Amino acid sequence: MTTRTPNVQLRDAVTESGLTYAALARDVTAVAAECGVTLRTNKSTVEHWLSGVVPAGDTAHYLTVALSRRIGRVLTPANLGLAPKAADDEAVGLTLSTDPLEALMPMWRYELDRRQFLAKSAYSVAAAGLPLAHVREIADRTAAARTGRAVGMAEVAAVRDMIHFFSEMDERHGGAHGRSALVQYLYDDVAALVRGNFSSEEARRQMLSAASRGVHLLGWKSYDAGQQGLAQRYYLQSYNLATESGITGHDGFVMRTMAMQGLKLHRPEHCQALAETGLTRAKGKVAPTAEALFRVVHAHTLAKSGQRRAALTEAVQAQNLLEAGRDDELPFWALAWGPPAASVYSRTAKVHETMGNHRAAAEQYERAAASRHAPTYARIVALDLVAGAEMQLKAGGIEQACATWHRAIDHMDGVQSVRTRKAVSRLRRDLASFRDRGVRSATELDDRAVDFLNGRS
């Protein structure tokens, strides 16, 4: 006769929920029904689970969701003694499941625990000083999920406000600023809302989309920190959430981001296909300004594959769409990098840079920097100016390049970004031959770069 070990973790969770066995059975059945599955769970079934019987099939997932809703925080099967605690670290976040939170929860837990394997993970081809009064006002509006009340558009608006706030902090102060606070907010509040009861199907879709944008921002923060493998994992799960939301264009927008990452890392194997698929999902279905964001990345992938004429045609079409849609109101998911005009100009610069037209690239980088409010978008303005200076130098303008580099460093004060430090280190290498020849502007700029890297700027 087999002796089972009682499931103490599950028993404690059921006790915390305050549910009777019969009531829990009804909740589990209701969650399954939401997923199109009919279960015959009853009081006896729950008693069997508590005695150590493992729920069959996807029932453990339905049980986890039911208890998460009642208790008011997100649980995983492992929390309930229903899955092994040990995770396959190498695979975390690199798969797309029917429940994105099953991949995201361990990722967030590892970040909060300061575990380093994800931060050091490789990019896979296969696959805060916050104004607390303001933040508290936004965060309080998400507390409805903890009371068991249906989640509606008011909670969606609260999440959007908070993600927008974190985005502004990211652009102004760099990816390292507020990262742990964002992880904690997504882990504690947004995950509970995503798994909550919704007042309408539209509220559910918009909440998933808002959550996707928050995860996308974590990917961007990881990217800015030079953690490309972790960024890729977040982008994949952002895509998973966007797909589940069904919001037109959002899934394609995340594919666009993944294409951009591959281009940056010189891993173009799938970039054109990603950009083309993303554009196909958005073309003619989103506002012209939003479509311009898709087209200009597609143009960059065409340039990378040597299709010069097609790339230039697509870049021009992106700018035409931008002009036609000046009064467009962009969806929340399309505002990840601020003003769309700046994104289009910056990416157009990369098209020209890829094709060796350094003067045209420098002009577009300058337009991009001028199209963003510098105090709000300090990091990206600085990086666009750096890129422009590099193009000016390649076009033979050392004095002009040094002047632009000085402007870039002006915007870097207080920005915690691996990319800005790498940019300053790179400019020192670019200036070496001019400094050695005694070019005064190069020597003065190099001295300032040294001060910046040593924290004396």
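The values are calculated or read from the model by the stated rules, or taken from the named source; none is laboratory data. Computed from a predicted model, the values in this text were never measured in an experiment. Cβ sites come from the backbone with ideal geometry, for glycine too, and all protein chains shown count toward neighbours.
Regarding A181, is this residue in a helix (DSSP H, G or I), in contact with a Ser or Thr (Cβ under 8 Å, 6 or more places away or on another chain) and either among the hydrophobic types (A, V, I, L, M, F, W, C) or modelled with pLDDT of 90 or more (or both)? No, not satisfied. Of the residues making up the range 38-67, those that are more than 17 Å from S17 (Cβ to Cβ) and of a type in the set (D, E, K, R) number 2.
For the range 241-255, residues that are over 18 Å from V159 (Cα atoms) and either under 12 Å from the mean Cα position of the chain (by Cα) or of a type in the set (D, E) (or both) total 4.
Scan the range 10-18 and give yes if some residue there is more than 26 Å from S199 (Cβ to Cβ) and either in a loop (DSSP other than H, G, I, E, B) or over 37 Å from the mean Cα position of the chain (by Cα) (or both), otherwise no. Within the range 10-18 (the criterion being more than 26 Å from S199 (Cβ to Cβ) and either in a loop (DSSP other than H, G, I, E, B) or over 37 Å from the mean Cα position of the chain (by Cα) (or both)), the answer is no, since none of the residues qualifies.
Do you know which residues across the range 338-351 are under 23 Å from I398 (Cα atoms) and either outside the structural domain of E323 (by TED's automatic domain parsing) or hydrophobic (A, V, I, L, M, F, W, C) (or both)? Matches in the range 338-351: A349, V351.
Quick check: is even one residue across the range 354-372 closer than 19 Å to D224 by Cβ and at pLDDT below 95? Yes - at least one qualifying residue is present in the range 354-372. Taken over the range 224-255, residues that are over 18 Å from V194 (Cα atoms) and not basic (K, R) amount to 15. Answer with yes or no whether A382 is under 28 Å from the mean Cα position of the chain (by Cα), surrounded by fewer than 22 Cβ atoms within 10 Å (Cβ to Cβ), under 27 Å from R179 (Cβ atoms) and of a type in the set (A, V, I, L, M, F, W, C). No. Among the numbered conditions (1) part of a helix (DSSP H, G or I); (2) touching a Gly at 6+ places or on another chain (Cβ under 6 Å), the only one that V286 does not meet is (1). Evaluating Y239 against the criteria (1) assigned to a helix (DSSP H, G or I); (2) crowded, with 23+ Cβ neighbours inside 10 Å; (3) not assigned by TED's automatic domain parsing to the domain that holds V156 leaves one unmet condition, (3). Among the residues of the range 413-456, those identified as part of a loop (DSSP other than H, G, I, E, B) and either of a type outside the set (S, T, N, Q) or surrounded by fewer than 16 Cβ atoms within 10 Å (Cβ to Cβ) (or both) are D413, G414, V415, R437, G438, V439, N454, G455, R456.
Hey, could you check the range 340-380 for residues that are of a type in the set (V, I, T) and part of a helix (DSSP H, G or I) and say which is nearest to E168 (Cα to Cα)? Across the range 340-380, the extreme among qualifying residues is I380.
Candidates A310, A282, A315: the one that is closer than 17 Å to T348 by Cα, surrounded by 23 or more Cβ atoms within 10 Å (Cβ to Cβ) and over 12 Å from the mean Cα position of the chain (by Cα) is A315.
Kindly indicate whether any position in the range 211-218 is over 11 Å from the mean Cα position of the chain (by Cα) and of a type in the set (S, T, Y). Looking for residues that are over 11 Å from the mean Cα position of the chain (by Cα) and of a type in the set (S, T, Y), one finds none in the range 211-218, hence no. The residue that is surrounded by the most Cβ atoms within 10 Å (Cβ to Cβ), counting only those in the range 64-96 that are at pLDDT below 70, outside any helix (DSSP H, G or I) and hydrophobic (A, V, I, L, M, F, W, C), is V74. Out of contact with any Phe, Trp or Tyr (no Cβ under 7 Å at 6 or more places or on another chain), under 29 Å from W108 (Cα atoms), part of a loop (DSSP other than H, G, I, E, B) and not β-branched (V, I, T) - does that describe any residue in the range 20-31? No, there is no match, as no residue in the range 20-31 is out of contact with any Phe, Trp or Tyr (no Cβ under 7 Å at 6 or more places or on another chain), under 29 Å from W108 (Cα atoms), part of a loop (DSSP other than H, G, I, E, B) and not β-branched (V, I, T).
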